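Undergrad: Just passing along the structure, written as C-alpha cells.
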Amino acid sequence: MKRQLNIVMQVEEFNLLVTQLKDKMYRLALRVVSNEEEARDVVQESLIKIWRKRDKLAEIENPAAYCMTITRNMGIDKLRAKKMSISDIDEHYNIESKTADPERDLIAKDELSLVMKVVNALPENHRTVIHLRDIEGYTYKEIAGITGFSIEKVKVYLHRARTKLRHQLKNRAS
C-alpha cells in the first residue's frame with residue numbers, strides 16, 4: 001500500500017513538473033537545435049529520461065534546473081549526432097556519383113591525404129584540441145574538461161593548430 005502511494009506521489013510530482021516546464025523545455029530545445037520538429041523530439045526524449053528517474057526527483061534540490069539541464073544536454077547530443085553524420089570527412093570524399101570523375105576523386109583523395117598528414121604532424125596537444133573542436137564539435141569548456149587544459153590554453157592550442165595547419169597547407173599548395 002505504501003509503495004502504491006509512493007508511486008502515485010511520483011506520478012503527480014512528475015505531472016506537475018512537466019506542466020510547469022514543458023514550454024520552457026521546448027524553447028530551450030528549439031534554441032539549441034534550431035528546428036521545431038527536432039526540438040519536440042528533444043523534449044519528448046528528455047521527458048522519457050526524466051520519467052525513468054522519477055523516483056529520484058524528490059531527492060533533487062532543484063528539479064526544474066535538473067529537467068532543463070537534461071533538455072539542454074539531449075539537444076546538444078542530437079546536434080552532435082547530426083553533425084557527426086554530416087561532417088565525416090571520409091564519407092564526403094568517398095561518395096559515389098553517377099557521373100564519376102576519376103580525376104576529381106584522385107585530387108580529393110590527395111587533398112585529404114595532405115590534410116591528414118599535416119594534422120598528424122602537429123604536436124599532440126594541438127592535434128587533440130583541433131580534433132575535439134573541429135571534428136567532434138566539443139565546446140572549449142568540454143575540451144578543457146576532457147584534456148585537463150585550462151580554457152585559455154585550449155583556445156591558444158586551437159589557434160596555433162589552425163594557424164600552423166593553414167600555413168602548412170598554403171606552403172604545400174604553392
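Undergrad: Would you mind pulling out the separation of the Cα centroids of region 19-85 and region 121-174, in Å?
TA: Result: 30 Å between the Cα centres.
Undergrad: Which value results for Rg/Rh of region 9-88 when Rg is the Cα radius of gyration and Rh the Kirkwood radius based on the inverse mean 1/r?
TA: 1.03
Undergrad: Listed here are the pairs Lys109/Lys170; Lys56/Lys78; Lys49/Lys78; Lys83/Lys164; Lys22/Lys49; which of them are more than 22 Å apart at the Cα?
TA: Lys56/Lys78; Lys83/Lys164
Undergrad: Let me ask another. What nm value, rounded to one decimal, do you get for the distance between Lys170 and Arg31 when each label is placed 7 Å out toward the C-beta?
TA: Label-label distance for Lys170 and Arg31, simple model: 3.8 nm.
Undergrad: Could you tally the net charge around Leu28, taking each other residue with its Cβ under 12 Å from the Cβ of Leu28, Lys/Arg +1 and Asp/Glu -1?
TA: Counting the neighbours of Leu28, the net charge comes to +4.
Undergrad: For region 106-173, compute the orientation-averaged projected area of the C-alpha convex hull (one quarter of its surface), in nm².
TA: Values: hull surface 17.7 nm².
Directional mean of the projected Cα hull area for region 106-173 stands at 4.4 nm².
Every number in this text was worked out from the coordinates using simple rules, so none of it is lab data. Since the structure is predicted, the reported quantities are computational estimates derived from the model, not experimental observations. Neighbour counts are summed over all protein chains in view; Cβ atoms, including those assigned to glycine, are modelled from backbone coordinates with ideal geometry.
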